[in-house]
Amino acid sequence: MKERLITSLIAAIVMAGLKAEVPVGIPKLIVGVTIDQLRNEYIEAFSSLYGTKGFKRLQKEARIYLSTEYPYIPTDIASSISTIYTGTVPSVHGIVGSQWLDRKTLRPIKATDDRSFIGYFTSESTSPQNLLASSVTDELKQATSGKGLVYSISPSREVAVFSAGHIADGAFWLNDETGKWSGSTYYGSFPYWLSKYNDTQALDLRIKGRTWYPSLPTTDYQHLPLPSSQSDFQYTFSDYKSEQYKRFKETPLVNDEVNRLFEYLLEHTEVGKDNVPDMITLSYYAGTLSGKESASTTLEIQDAYVRVDKSLGELIDLIDKKVGLQNTLFLLTGTPSKHVFEAPRTNQKIPAGEFHMQRCVALLNMYLVATHGEGEYIEASYRNELFLNRPVIEKKGLAFNRLQEEISHFILSMSGVQAVYSSADLRRGVWFPHIENARNNFHPQRSGDIQIALQPGWSLFNEYDQYTYTAYYGTLSVPVFFFGNGVKPSVIYTPVSISTIAPTLAGILRIRSPNAAMTSPLWEVMR
């Protein structure tokens, strides 16, 4: 009896020891970093300006997918982040953009707006309810019965909310008006530790005198041609008065604010401190103050990447110190550069032109009135989309799909138009060049009845919503880095879809993929 009791005690101790260990291959913490406006060629072009702890370390020690493609157009920050963390495209997850036109009111609505909830340190009412698919963060929370901690930190509200998902412990973003870190009652009560941070360390207490200027001697920035008249730049944010925080968020200095709060979170929560996997998503900015690239911003662009590289190195060191890289899977990728939204380049012989939606609508209405009689056939235009007046069309007894086809043929005769996609075309198996990319960004309840695609280099201007877009048909791809947690370094040149990230993270965590994930995991990352 005594021997049996001793044997049972030994077995219990062994089992307890096994439970205390982290399962082989499963990280204690996943840190997902997305960099807005990240460009693959710039990472390489500016490498001589970097230190050893950021991009260069990742290039040596990470598994890198150099060509990770976005399978839809047009892209923006909200749709891109939603695709990264759900593993599917906007036609399924529903986030077709940062905002879209509400058919009932004919007014734009923001993707994150939700009047059912109020904000902390912000007047914005916010939730992720418009995201129609589960995210990998949702699946982690469900698989761990809520014990796995999930937080998101981003300068942008859209990025914070859609990377956090539906059941995170918190999503935090910088308030444009106050410089405080904000949140939503959707995620429950606001953490005491973050309220304390806002009271003692928030940006508004330190922004006075903050300045963005070249961090290296100007003579080092020779990788893009500098204007002969430009020798330096300097932006002091207090000069922008009411827009000082909004402007600050459009500089790489904001990345240090993200790192700062992330460190505070690690110190004041249980993230990475037990054997239940946790996940934190962060976002950086690698663009210019104006958000556009031109000859006058080449110095800003180069310095932005130098500062991003420094912030990345500091983040990696912080993770190693607080949690250990062997216990952490570090993911880095980007959201597409805004260079595809620029106005046409001037003084060059590259074909380009301008397409004005207001003129298009006026001509189209004149044609329809002449053909079918008096009536307001176009109810609204938004971005590159037209919304048809269904009650008028029904009253006149016109076949909706046939009228769409008629409108498409009329618009195709206009200068600069490459293709016109009707909602009927996008919902059935019709094939045109590039229609699959348009179809992947079409949602019946959130998209227009007609979508206009321009010829490469042409710019669309919609005077109604101040939207501009330059047609770009080159592949929109970003790099993806997997680093830490035993990942073996290698470089993969074969293109993969951005939708592979979420199922790959799920595979690493040994949990179910998000419920709308459209691809299999990159299994080799786990080997």
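The values are calculated or read from the model by the stated rules, or taken from the named source; none is laboratory data. From a predicted model like this one, the values you see are computed outputs, not experimental measurements. Quick reminder, even Gly has a Cβ in these numbers, built from the backbone with ideal geometry, and neighbours come from all protein chains shown. These area figures cover heavy atoms from the full protein model, side chains too; ligands, DNA and RNA do not enter into them. Shrake-Rupley method; radii C 1.70, N 1.55, O 1.52, S 1.80 Å.
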For this session: Count charges around Ser513 for me, please; just the other residues with Cβ under 15 Å from its Cβ, Lys/Arg as +1, Asp/Glu as -1.
Result: +1
Exercise. Counting alpha carbon pairs within less than 8 Å and at least 6 residues apart, what relative contact order, in whole percent, applies to the range 199-262?
Worked result: 35
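Using unit Cβ charges (K, R positive; D, E negative) and no other charged atoms, how large, in debye to the nearest 20, is the dipole of the chain about its Cα centre?
Working: 51 positive and 54 negative charges, 214 e Å.
That gives the chain a dipole magnitude of about 1040 debye.
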Problem set entry | Stretchable slack from Lys292 to Arg103, in nm (0.36 nm times residue separation minus alpha-carbon distance) | 64.9 nm
For this session: May I ask you to give the solvent-accessible area per residue for the range 190-242, in square angstrom, as obtained with a 1.4 angstrom probe?
Result: 61
Seminar exercise, completed: Taking Cα atoms only, helix 2-20 is inclined relative to the longest principal axis of the chain by an angle, in degrees rounded to 10, of 40
Seminar exercise, completed: Counting only protein heavy atoms with a 1.4 Å probe and every protein chain in place, the carbon and sulfur fraction of the accessible surface of the chain in whole percent equals 52
For this session: Just name one of Phe410, His443, Tyr421: the one whose Cα is farthest towards the positive end of the charge dipole of the range 394-456 (beta-carbon charges, Lys/Arg +1, Asp/Glu -1).
Result: His443
Exercise. Ranked from the most accessible area to the least, with a 1.4 Å probe and all protein chains present, what is the order of His166, His409, His434?
Worked result: His409, His434, His166
Problem set entry | Exposed chymotrypsin sites (Phe, Trp or Tyr not before Pro) absent: longest stretch of the chain, with sites in DSSP loops and at most 12 other Cβ within 10 Å deemed exposed | 1-430
Exercise. Once the other residues with Cβ under 13 Å from the Cβ of Glu314 are scored (Lys, Arg +1; Asp, Glu -1), what is the net sum?
Worked result: +1
Problem set entry | Relative contact order (%) - the chain, alpha-carbon pairs under 8 angstrom, separation at least six | 28
Problem set entry | Residue among Pro71, Pro351, Tyr305 farthest towards the positive dipole end of the chain, charges placed on Cβ | Pro71
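Please state the relative contact order of the range 370-518 as a whole percent: Cα pairs under 8 Å, 6+ residues apart?
Working: 146 pairs, mean separation 28.6, N = 149.
19 percent.
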Problem set entry | Mean ellipticity per residue at 222 nm, deg cm²/dmol - from DSSP H runs of n ≥ 4 across the chain, formula -39500 (n - 2.57) | -9500 deg cm²/dmol
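Of Lys110, Lys349, Lys56, which has the most accessible area and how do the rest follow, probe 1.4 Å?
Final ranking, largest accessible area leading: Lys349, Lys110, Lys56.
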Seminar exercise, completed: If amide H atoms are modeled at 1.01 Å from N in the peptide plane, then the residues at a separation of 5 or more from Thr335, or on another chain, having amide H under 5 Å from its own are Ile35, Asp36, Gln37, Leu38
Exercise. How large is ³J(HN,Hα), in whole Hz, for each residue of the range 512-523 in order, when computed from phi with the Karplus curve 6.51 cos²θ - 1.76 cosθ + 1.60 and θ = phi - 60°, using x for Gly and Pro?
Worked result: 5, 5, x, 5, 10, 4, 9, 9, 7, x, 7, 4
For this session: Give me the accessible area per residue for the range 410-449, probe 1.4 Å, as a whole number in Å².
Result: 46
Exercise. If you take the square roots of the eigenvalues of the alpha-carbon gyration tensor of the range 487-527 and sort them as a ≥ b ≥ c, do you get rounded (a/c under 1.5), prolate (a/b over b/c) or oblate?
Worked result: oblate
Seminar exercise, completed: Under the rule rounded for a/c under 1.5, else prolate if a/b exceeds b/c, else oblate, using alpha carbon gyration tensor axes a ≥ b ≥ c, the range 347-441 is classed as oblate
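Net charge near Phe121, counting Lys/Arg +1 and Asp/Glu -1 over other residues with Cβ under 11 Å of its Cβ?
-3
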Problem set entry | Amide hydrogen neighbours beyond the local backbone of Ile95, cut-off 5 Å, H modeled | Leu132
Exercise. Which residue, chosen from Ala168, Tyr235, Trp181, occupies the Cα position most advanced towards the positive end of the dipole of the range 164-236, where the dipole is computed from +1 (Lys, Arg) and -1 (Asp, Glu) charges on Cβ about the Cα centre?
Worked result: Trp181
For this session: With a/c under 1.5 counting as rounded, go ahead and sort the chain into rounded, prolate or oblate using the C-alpha gyration tensor (a ≥ b ≥ c being the square roots of the eigenvalues; past the cut-off, prolate if a/b is larger than b/c, else oblate).
Result: prolate
